[in-house]
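Shown next, in structure tokens, is the structure this report addresses.
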Amino acid sequence: MNSVDTIELENRFCANNYSPLPVVLVQGEGVWATDENGTRYLDMMSAYSAVSHGHVHPRIRQAAVAQIDKISVVSRAFYSQPLGTFLEELSRVTGFSGALPMNSGAEAVETAIKAARRWGYRVKGIEANRAEIVVADNNFHGRTSTIVGFSSEPSYKADFGPFCDGFKQARFGDIASFRDAITERTCAVLIEPIQGEAGIRVPPAGFLRELRKLCDETNTLLILDEIQSGLGRTGKWFAFEHEEIRPDALILGKALGGGIMPVSAFVAGREILDQFDPGSHGSTFGGNPLAAAIGLEALKVLDEEGLIENSARLGDHLKSRLQGFNYPAIQEVRGRGLWVGIELNRPAKPYCEALLREGVLTRETHENVLRVAPPLCITLDELEWGLTCIERVFNQLR
Ligand SMILES: *Cc1c(COP(=O)(O)O)cnc(C)c1O
């Protein structure tokens with residue numbers, strides 16, 4: 001099948017809820033992806049950070065194949081291997097005592113919402129059905145009807161109501177706005193430490209530390225959604241480490257699946273996790289043996305292959321190289337680790353289309369931000385190659 005046929009077939013039978021760039025990817029290896037005609041592209045998108053380990057990582061692939069040959073799905077009606085080992089490793093790297101495994105990021109966010117509310121009623125003593133969760137404006141936490149209900153983005157919510165009560169918005173990065181939003185009915189603040197889909201927005205220095213203090217003073221849980229920012233993307237295991245704070249709970253997904261399958265988790269201390277009892281929550285596929293084997297290997301690879309150090313080192317290089325670019329279209333370059341947004345004063349999509357022609361994959365976020373987020377295993381030479389392409393595109397579109 002040629003790529004025109006492939007694209008037409010997908011357009012004909014698939015819901016039109018994305019507008020993909022016109023390339024058909026059929027094979028991946030590390031930071032590279034190949035299309036139907038054998039053309040290679042440098043992946044600077046990493047599937048929104050789900051492919052932080054690179055495509056078809058040999059060790060993660062091997063762990064997956066070995067587990068498929070044993071057993072893949074049992075449901076949590078029974079014990080299985082290696083779920084306990086995976087969660088023990090997750091506990092080691094996060095410093096939390098346990099986790100509730102799920103599949104997609106949105107499911108793990110839903111898990112966090114349920115946990116926070118139960119904690120609010122059963123520990124904090126909030127009046128029945130009155131608990132509130134404070135979120136940030138311009139947040140992105142997934143696509144369920146509950147989650148889009150507390151988004152501020154019209155395109156996420158149009159004609160999907162009625163929405164769920166119990167959420168309040170504050171201004172991202174503005175501590176006074178959070179102080180105003182929190183009341184005795186607030187069970188949690190749920191926030192991305194760096195907002196990904198909003199355009200890789202880094203809050204002012206000290207904001208997370210002040211938010212931590214505010215949550216302590218008001219007996220409110222601080223829950224961080226690190227589905228995109230976590231697992232080395234910002235040059236540390238977790239973005240909260242940049243401000244030397246600890247949240248009360250953490251939501252992980254994307255890279256936890258090692259670029260192979262969806263694996264997510266709600267990670268917390270026992271006093272929060274123990275709000276769940278048999279029957280109160282679940283997922284048929286959550287924590288299945290295949291997901292656990294992949295998640296375990298994904299964590300080990302990050303550690304043992306130095307991917308997080310690489311993200312810190314090459315991320316600094318990436319940001320300073322981009323900040324040295326001098327083009328009238330560029331308004332700001334920001335980010336942490338191998339996660340950089342180039343804010344333009346015009347739509348970013350034409351830049352993505354031109355980059356595709358040069359052999360670089362990426363997409364805009366929030367209309368006018370060009371996302372640069374390669375797999376964390378990228379080398380300096382590969383990064384420089386990508387930067388040359390970006391430079392060429394800025395020259396073309398002058
Ligand atoms: C991608 C993302 C989600 C949703 O994850 P899905 O796996 O697409 O459901 C939630 N929060 C953040 C911060 C994300 O980047």
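Summing Cβ point charges (Lys, Arg +1; Asp, Glu -1) relative to the Cα centre of the range 338-392 gives a dipole of roughly 200 debye.
Of the residues Lys70, Lys236, Lys254, the one with the fewest other Cβ atoms within 10 Å heads the list, and the complete ranking is Lys70, Lys236, Lys254. Descending by average beta-carbon neighbour count within 10 Å, the peptides 382-388, 360-366 line up as 360-366, 382-388, the highest first. For the peptides 255-267, 48-60, 327-339, 104-116, the ranking by packing is 255-267, 104-116, 48-60, 327-339, with the highest mean count of neighbouring Cβ atoms within 10 Å listed first. In this calculation the C-beta distance from Ala66 to Leu9 is compared with R0 = 30 Å, giving a FRET efficiency of 0.35. Between the range 248-299 and the range 314-341, what is the separation of their alpha carbon centroids in Å? Value for the Cα centre distance between the two parts: 33 Å. In terms of distances greater than 22 angstrom between alpha carbons, the cross-link table entries Lys213/Lys254; Lys236/Lys300; Lys124/Lys157; Lys168/Lys319; Lys114/Lys300; Lys114/Lys168 yield Lys213/Lys254; Lys124/Lys157; Lys168/Lys319; Lys114/Lys300.
In the range 58-304, taking the dipole from charged Cβ atoms about the Cα centre, the farthest positive-side position among Asn129, Ser75, Gly269 is held by Ser75. If one computes P(r) from the Cα atoms of the chain, what percent of pairs lie at distances over 30 Å? Percentage above 30 Å: 41. Sorting Met45, Met102, Met1 by the number of Cβ atoms found within 10 Å of their own Cβ, with the fewest placed first, yields Met1, Met45, Met102. Within the chain, helices built from complete DSSP H runs that reach 18 Å or longer along their own axis (Cα positions) and carry a mean Kyte-Doolittle hydropathy of 0.0 or higher are 289-304. What share of the DSSP beta bridges in the range 58-304 is antiparallel, in percent to the nearest 5? Around 40 percent antiparallel, to the nearest 5. Summarising the amide proton neighbourhood of Gly98: residues at separation of 5 or more, or on other chains, whose placed amide H is nearer than 5 Å comprise Ala268.
Around the amide H of Asn139, modelled in the peptide plane, lie the amide H atoms of Ser152, all under 5 Å away and 5 or more residues distant in sequence or on another chain. In a reduced charge model with +1 at each Lys and Arg Cβ and -1 at each Asp and Glu Cβ, the range 58-304 shows a dipole moment near 280 debye about its Cα centre.
As a proxy for reagent exposure, Phe78, Phe178, Phe394 were ordered by neighbouring Cβ count within 10 angstrom, fewest first; the result is Phe78, Phe394, Phe178.
Each reported figure results from applying straightforward, stated rules to the coordinates on display, with no laboratory input. The structure displayed is predicted, hence computed values, not measured ones. Positions of Cβ are generated from backbone atoms using ideal geometry, with glycine treated the same way; all protein chains shown enter the neighbour counts.
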